[in-house]
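Enquirer: What follows is a structure written as structure tokens; I'll ask about it next.
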Amino acid sequence: MESQHHKPMKVRSTPADKAVSVVTYVIVIALCLVILLPCLNVLALSFNDGKDAARGGVYFFPRMFTLMNYKEVFQDGSIISAYRITLARTFIGTFLSLAVTSFAAFALNQKELPGRGIIIFAITFTMLFGGGTIPTYVQYSRLGLIDNFWVYVIPSLVSVTYLIMMRSFFDGIPYELQEAAKLDGCGYFGTFFRVMLPLSKPVLAVVGLYTAVNHWNDWFAGAFYMTSSKLWPVQTVLQQMLSRAMSASTQQTENVAAAIAASQSSVTTDSLKMAAVVITTAPILCVYPFVQKYFAKGTLIGAVKG
Amino acid sequence: MCATTCDKIENLQRESSMRKGKQNPSGITIRTKPLWKRMLSCWPLYLMLLPAIVYYILICYVPIAGNVLAFKDYSFRKGIWGSPWVGMKYFNMFFSSYDCWRLIRNTLHIGFIKCILEFPFAILLALLLNEIRAEKFKKVTQTITYLPHFLSSVIIVTMLQRILAPNTGVLNQIIKALGGGGDTFFLMQSGYFHRILFTMDIWRNIGWDSIIYLAAISGVDQELYEAASMDGCNRLGQCWHVTLPGIRGTIGLLFIMGVGGLLSSGFEQMWLLRTPGNMAVADTLDVYVVRIGLQNGQFGYASAIGLIQGLVGLVLVVATNSISKKFTEVALW
Amino acid sequence: MKRILSLVLSLLMVLSCMSFAAAEDHPDTWIADRTIRVQVYVDDIGYSLPKDLNETPVMKKITELTGIKLEIGYTPGDSDSKTLAAQLAAGKIPDAIFCYLNNSTRKEFPILLKAAREGMFADVTEFMKNSKVYKKYMEEGYLPGDAYTNITFRDDLDGAYIMQLAIPAVDRSTEYIPEDEYVGGLYIQKSIADALGVDTRAINTQDQLYDLLVKIKEGGFTDDNGNPVYPIGPKYWGGSVDSLQYLVTGLNFSPLGSDYGMDAEGHVKHEAETEFVYEKINFVRKLLAEGLMNPEYFTMDATRAEEVSKTRNSAILGDVHNYVDIIYDSDTYVPLGPLNDRTGKNPEYTSGKGGYGAWAISADAEKPEEIFAFFDWLSTYEGQLISMYGVEGLTYNMVDGKPVLTDEAMEKLNSNDQDWMINEIGAGFGGSGCYFFEFALTDRDNQANFGESRPGATGGTTFARAVDIARDYPVEKVLVPGLDISAYLSDESLADVKANMDLLNYDEMLVQAMYAQSDDEVTAIVESFRQQLKSAGIDRLYEHVEKLYAENPSAVQILKVD
């Protein structure tokens, strides 16, 4: 099978090892196919003429190839300006999140810190209890976050999960290194910046990626906390396109003007929506390969030895 | 052959983890100082914590305090704190409603699938990907597996409906080709609901969730692999004796944190998958809160249910954490 | 120093003189030089808002006449009611809000009422008295009964806070005006009806419908992809439980189509408590079992429902109306029936005049009288003309005292150039353009005011066939005044009953039972629902409504069938 072409590069491999790699490749390839096929459908639809696609039967290849859907999405200027918002929130949000989270994780990693356990418990607590829609909205509005760009950044500044992951990663860095730095006269800040940060690339990469993608994917904040579509990120614009299809099935019309308006607003074809999906997804997909190199084996230990 | 070396490796592993977690040698002297002096000496740490603490207070705790709404009759004008108290009214209302136990049962069932059953799959994928030596292939497959994370629920459910459609759907076509009836209406039969949910979640999340494990695997000491391979462990053995123990901490932490979500199912996915045929099992607390609480302006009632969910989550997390601490030394606090 | 002071003073004087002079130049319609911020909770109305609202010719004209600029906020459709609640809770509503409100039974109403009670909205009673249009609301008999007693002038409110929109100036609810009608319901493929030699208008009973479906199935028709057609398929907009409306009309307990009706003894009952519930369920089960109906009739998502409609996979569409492109663009589909109700008639029952949408002014708004005056002006003849037709000379000209669209505007309307209508002009164009300017109007009588039911209705080609259908398939309109029984659940004495009833969805139960595997399961589902109705306290609702009905039969929309 196909998997035979990718022989493991290991020098010594027993028959059992060979069996393991065959099974591995088979499973991974099967999984990729299962995942890829439906996604191909999205791609095919996006390159197909909208009216033609509505007739059904477009699976993995466009039947009537066209770039019109993409052209149309870009022509509607709102997606370009929405992109600006998305990029801004992703960069600013991820940077600030990493800064605040890594500071806190480092502090909580120091065993001599009094009140460590209590603080961690208190932080975990927030993962289980939400404020509920109304109190949260009231508080954001009190903080002036409604209709404000910072509502994209501040509420998602520190995630409990990432904080704890980062702290546990710091746990894995040999303590001798911190100790040595402290003996050299580095304070906590010095230890953090000179020892811990350079060694934490893998975890920074993972948390950075997760945070960036969360920022990229979030449509809710735009939909709920922004009353002006001018500050919407791309995902909110997209969600609006998609939800229009959803709400259509409950459409109640009482008069002709409403009926016309309703049928006007649903002229967005499926193909156009899929083009929008591709446009909103493609850029962030490209990020992963760059992040991946930080997960290469031995990053940590190599650094320690060097 | 391998079995004997395993002990060695586990020793190495333990040594390595001991080395990592070694106590501050001067810890004993610090402990004897009075608390305030110890706190004072740590001032840079508190400074580093400050932004996160301010964040948690302003963004999390103040709204959490707003949960007192569960005991109040909310008035727009008087606000959260000024509204009149109603005691346990909403809790009584919820527990006396005939639907309450069905909702709790449904939610627990779905929570169990989401928090427990789905949990190991991302780890499995990470282990599999770790076995792939061809770097290019690995990069491509990883990117593919995390692709579905970017598709919104609306799109996924639309595709799902297409695949599962009676007669015309791909799945039914396959069943027909294999000699079956091919007219099963999967989404209308409550018996299939949990399987559909499970498959959709795995499809969507497996690649994404595996990233964190891959990162953890990258942190495993390479010397351990060398030692294991020297002692004749094959790759399966290395995986079992080196990789898995090496990421044990990550697995444990994520599990403990995940358990807290046992009583929450999320809204959007449930809402999209819900049909009159499967609503007997698909109605969960989260759906109920949106339908009853928010749309009808019953904010107190919505808060009460949120509180119940949170309390159950808290108990579960605290319990799991202490059990884990006792037996595996992996713990949140 | 003194010199500077005097200079400043004289400068100020000059300035104030200038502004005074400017004020003199203002037209009579001038209200104030300000921006009014409104939030609109109306599905995806934002989709049809101009990118730069205040820069459109229509808005510039409006500003020139009134001084008002508008800033319209909105959220994507599916978070409307949540956003409304959250913004009210946070006290963050802008100057005015607009939302859907067909009548007081809509789901937004409890929140609006709560807000009105708690003083979140401005009392407009005084402004109304001095207004041009809204003063009519105070006249006896102008507002629909529900809008008057349950929305605007409620006994339990100390003022008028919520105003319904789109109130017709003259009650024409029992007249049939083809240009104003949308014809919803079952539509059948004309070619199939022709091939079978069926008179589509003569399908009026459940049995006739069943026979037709059987014939279609036996006819072996195929769709565009060569697959066999389903005799009946889902609604064009996607399946949902309310698709039952047109399918089992003859099996409704209440001829009005309500969940509640009145039996021969004069007792109010929920349909679930009658035998009709089983008849409905069994009818649909029969269709499903015999493969006469698309199994996804109630659940298919919008995208695929549109697909099966466009590929002609459904011989009969469960529901669509004449203002949808597959109907007015070609003659593929024609209306079927409609089915008679159990009294053997098929009129359209109306409760009289009706409104659509509502608005309110925030209690915190500055100078609420200006906001009121602006939206009052918008509904005057002049305001409506600009809102709907745009700017004279640019998009319309006056011919014999009536507005007529310019050739350019007519061409854009016919080619459905939304970008032009919305961004370049910004007028409502009868729903084809910026919908907000159709939605925010009231006291409407387009026929009398503008000589046509919407801009371009006469002479426009886009909807010509839609109007033809309405003309060819007239229905009798019968007045049955009053509010649906379910509206009385909102009575304060029934608050706990309402809370319980909110959990029960009769349509969902019906569909659940229709897909049950056995008769026993059907019985179990129905009986359990009946039990739940009882424990919800529905008897108290019956009692309440029967009492009201005895006092004033026109308060409750009931048709007693003997």
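Enquirer: Of the conditions (1) in contact (Cβ under 8 Å) with a residue 60 or more places away in the chain; (2) at positive phi; (3) open to solvent by 20 Å² or more (accessible area, probe 1.4 Å), residue C:426 fails just one. Which one is it?
Expert: Checking residue C:426 against (1) in contact (Cβ under 8 Å) with a residue 60 or more places away in the chain; (2) at positive phi; (3) open to solvent by 20 Å² or more (accessible area, probe 1.4 Å), the one that fails is (3).
Enquirer: Shifting gears a bit: Based on what the data block shows, is residue B:183 within 13 Å of chain A (Cβ to nearest Cβ) and of a type in the set (Asp, Glu)?
Expert: no
Enquirer: Scan segment C:236-290 for residues that are in contact with a Gly (Cβ under 7 Å, 6 or more places away or on another chain), not hydrophobic (A, V, I, L, M, F, W, C) and not in a helix (DSSP H, G or I) and jot them down.
Expert: Of everything in segment C:236-290, those that are in contact with a Gly (Cβ under 7 Å, 6 or more places away or on another chain), not hydrophobic (A, V, I, L, M, F, W, C) and not in a helix (DSSP H, G or I) turn out to be C:254, C:269.
Enquirer: Still on this structure, please answer the following. Quick one: is residue C:299 in contact with a Leu (Cβ under 9 Å, 6 or more places away or on another chain) and facing another protein chain (nearest Cβ under 8 Å)?
Expert: Yes; evaluated as a whole, the condition is true for this residue.
Enquirer: In segment C:381-484, which helices (runs of 4 or more DSSP H) lie fully inside it and hold 1 or more residues that are within 26 Å of residue C:73 (Cβ to Cβ) and in contact with a Cys (Cβ under 9 Å, 6 or more places away or on another chain)?
Expert: Result: C:381-389.
Enquirer: Here are B:204, B:162, B:195: which of them is buried (at least 19 other Cβ atoms within 10 Å of the Cβ), outside any loop (DSSP other than H, G, I, E, B) and modelled with pLDDT of 90 or more?
Expert: So the residue among B:204, B:162, B:195 that is buried (at least 19 other Cβ atoms within 10 Å of the Cβ), outside any loop (DSSP other than H, G, I, E, B) and modelled with pLDDT of 90 or more is B:204.
Enquirer: Let me ask something else about it. Suppose the filter is under 30 Å from residue A:201 (Cβ atoms) and either at the interface with chain A (Cβ under 10 Å from one of its Cβ atoms) or among the β-branched types (Val, Ile, Thr) (or both); does residue B:160 pass it?
Expert: no
Enquirer: Name the single residue, out of those in segment A:110-157 being under 16 Å from residue B:51 (Cβ atoms) and more than 8 Å from chain B (Cβ to nearest Cβ), that is least open to solvent (accessible area, probe 1.4 Å).
Expert: It comes out as A:153.
Enquirer: Of all residues in segment B:234-249, which are open to solvent by 20 Å² or more (accessible area, probe 1.4 Å) and of a type in the set (S, T, N, Q)?
Expert: The one that is open to solvent by 20 Å² or more (accessible area, probe 1.4 Å) and of a type in the set (S, T, N, Q): B:234.
Enquirer: Of everything in segment C:236-254, what is of a type in the set (Gly, Ala, Ser) and within 8 Å of another protein chain (Cβ to nearest Cβ)? Give them in sequence order.
Expert: If the condition is that a residue be of a type in the set (Gly, Ala, Ser) and within 8 Å of another protein chain (Cβ to nearest Cβ), then C:238, C:239, C:240 are the ones that fit.
Enquirer: Restricting segment A:169-187 to residues that are part of a helix (DSSP H, G or I) and within 19 Å of residue A:99 (Cβ to Cβ), which is farthest from the other protein chains (Cβ to nearest Cβ)?
Expert: A:170
Enquirer: For residue B:131, work out the one condition from (1) more than 12 Å from chain A (Cβ to nearest Cβ); (2) farther than 25 Å from residue A:284 by Cα; (3) in contact (Cβ under 8 Å) with a residue 40 or more places away in the chain it doesn't fulfil.
Expert: Single failed check for residue B:131: (1).
Enquirer: In the set C:146, C:78, which member is at pLDDT below 90, buried (at least 23 other Cβ atoms within 10 Å of the Cβ) and assigned to a helix (DSSP H, G or I)?
Expert: Every option except C:146 fails the conditions.
Enquirer: Cβ-Cβ under 6 Å, sequence separation 6+ or interchain: first residue in segment B:199-221 and at the interface with another protein chain (Cβ under 10 Å from one of its Cβ atoms) and among the polar types (S, T, N, Q), partner assigned to a helix (DSSP H, G or I) and open to solvent by 10 Å² or more (accessible area, probe 1.4 Å). Which pairs?
Expert: Between residues of segment B:199-221 that are at the interface with another protein chain (Cβ under 10 Å from one of its Cβ atoms) and among the polar types (S, T, N, Q) and residues that are assigned to a helix (DSSP H, G or I) and open to solvent by 10 Å² or more (accessible area, probe 1.4 Å), the close pairs are B:218/A:295; B:218/A:299.
Enquirer: Looking at segment C:488-508 only, could you name the residues that are open to solvent by 10 Å² or more (accessible area, probe 1.4 Å) and of a type in the set (A, V, I, L, M)?
Expert: Correct list: C:489, C:495, C:499, C:501, C:503, C:504.
Enquirer: Next question. List pairs: first in segment C:543-560 and within 20 Å of residue C:479 (Cβ to Cβ), second of a type in the set (S, T, N, Q) and assigned to a helix (DSSP H, G or I), Cβ under 9 Å, 6+ apart or cross-chain?
Expert: C:555/C:149
Enquirer: Looking at this structure, is residue B:125 within 29 Å of residue B:215 (Cβ to Cβ), crowded, with 18+ Cβ neighbours inside 10 Å, in contact (Cβ under 8 Å) with a residue 60 or more places away in the chain and within 13 Å of chain A (Cβ to nearest Cβ)?
Expert: Against the criterion (within 29 Å of residue B:215 (Cβ to Cβ), crowded, with 18+ Cβ neighbours inside 10 Å, in contact (Cβ under 8 Å) with a residue 60 or more places away in the chain and within 13 Å of chain A (Cβ to nearest Cβ)), residue B:125 qualifies.
Enquirer: Suppose we filter C:443, C:407 for residues that are open to solvent by 10 Å² or more (accessible area, probe 1.4 Å), out of contact with any Phe, Trp or Tyr (no Cβ under 6 Å at 6 or more places or on another chain) and free of Cβ contacts under 8 Å to residues at least 12 places away in the same chain; which single one remains?
Expert: C:407
Enquirer: Return the total of residues in segment B:72-92 being within 22 Å of residue C:86 (Cβ to Cβ) and free of Cβ contacts under 8 Å to residues at least 60 places away in the same chain.
Expert: So the count comes out to 10.
Enquirer: Additional query: Taking residue B:266 and the conditions (1) within 30 Å of residue B:284 (Cα to Cα); (2) in a helix (DSSP H, G or I); (3) open to solvent by 20 Å² or more (accessible area, probe 1.4 Å), which numbered condition does it fall short on, given that it satisfies the others?
Expert: Condition (2) is where residue B:266 drops out.
Enquirer: State all residues of segment C:200-223 that are surrounded by 13 or more Cβ atoms within 10 Å (Cβ to Cβ) and either among the aromatic types (Phe, Trp, Tyr) or more than 21 Å from residue C:473 (Cβ to Cβ) (or both); if no residue qualifies, say none.
Expert: Answer for segment C:200-223, where residues must be surrounded by 13 or more Cβ atoms within 10 Å (Cβ to Cβ) and either among the aromatic types (Phe, Trp, Tyr) or more than 21 Å from residue C:473 (Cβ to Cβ) (or both): C:210, C:211, C:214, C:215, C:217, C:219, C:221, C:223.
Enquirer: How many residues does segment C:168-196 hold that are outside any loop (DSSP other than H, G, I, E, B), in contact with a His (Cβ under 9 Å, 6 or more places away or on another chain) and within 13 Å of chain A (Cβ to nearest Cβ)?
Expert: Number satisfying all stated conditions: 2.
Enquirer: Could you list, in sequence order, the residues of segment A:73-107 that are open to solvent by 20 Å² or more (accessible area, probe 1.4 Å) and of a type in the set (Lys, Arg)?
Expert: Within segment A:73-107, A:84 is the sole residue that qualifies.
Enquirer: Only one residue in B:38, B:102 is facing chain A (nearest Cβ under 7 Å) and basic (Lys, Arg). Which one?
Expert: None of the other options fit; the residue is B:38.
Enquirer: Can you tell me which residues in segment C:527-551 are more than 22 Å from residue C:509 (Cα to Cα) and open to solvent by less than 70 Å² (accessible area, probe 1.4 Å)?
Expert: C:544, C:545, C:546, C:548, C:549
Enquirer: Further question on the same structure: Could you tell me whether residue C:233 is at the interface with chain A (Cβ under 9 Å from one of its Cβ atoms), in contact (Cβ under 8 Å) with a residue 60 or more places away in the chain, surrounded by 20 or more Cβ atoms within 10 Å (Cβ to Cβ) and more than 17 Å from residue C:510 (Cβ to Cβ)?
Expert: no
Enquirer: Further question: Between C:466, C:427, C:448, C:513, which is aliphatic (A, V, I, L, M), within 13 Å of another protein chain (Cβ to nearest Cβ) and under 27 Å from residue C:358 (Cβ atoms)?
Expert: Matching residue, one of C:466, C:427, C:448, C:513: C:427.
Enquirer: Additional query: Within the group B:113, B:104, which residue is assigned to a helix (DSSP H, G or I) and either free of Cβ contacts under 8 Å to residues at least 40 places away in the same chain or out of contact with any His (no Cβ under 9 Å at 6 or more places or on another chain) (or both)?
Expert: Going through B:113, B:104 in turn, the sole match is B:104.
The values are calculated or read from the model by the stated rules, or taken from the named source; none is laboratory data. Treat the numbers as computed from the prediction; the structure is a model and nothing was measured. No Cβ is skipped: glycine too gets one built from the backbone with ideal geometry, and neighbour counts run over all protein chains shown. For accessibility, only protein heavy atoms count, side chains too; no ligands or nucleic acids. Shrake-Rupley method; radii C 1.70, N 1.55, O 1.52, S 1.80 Å.
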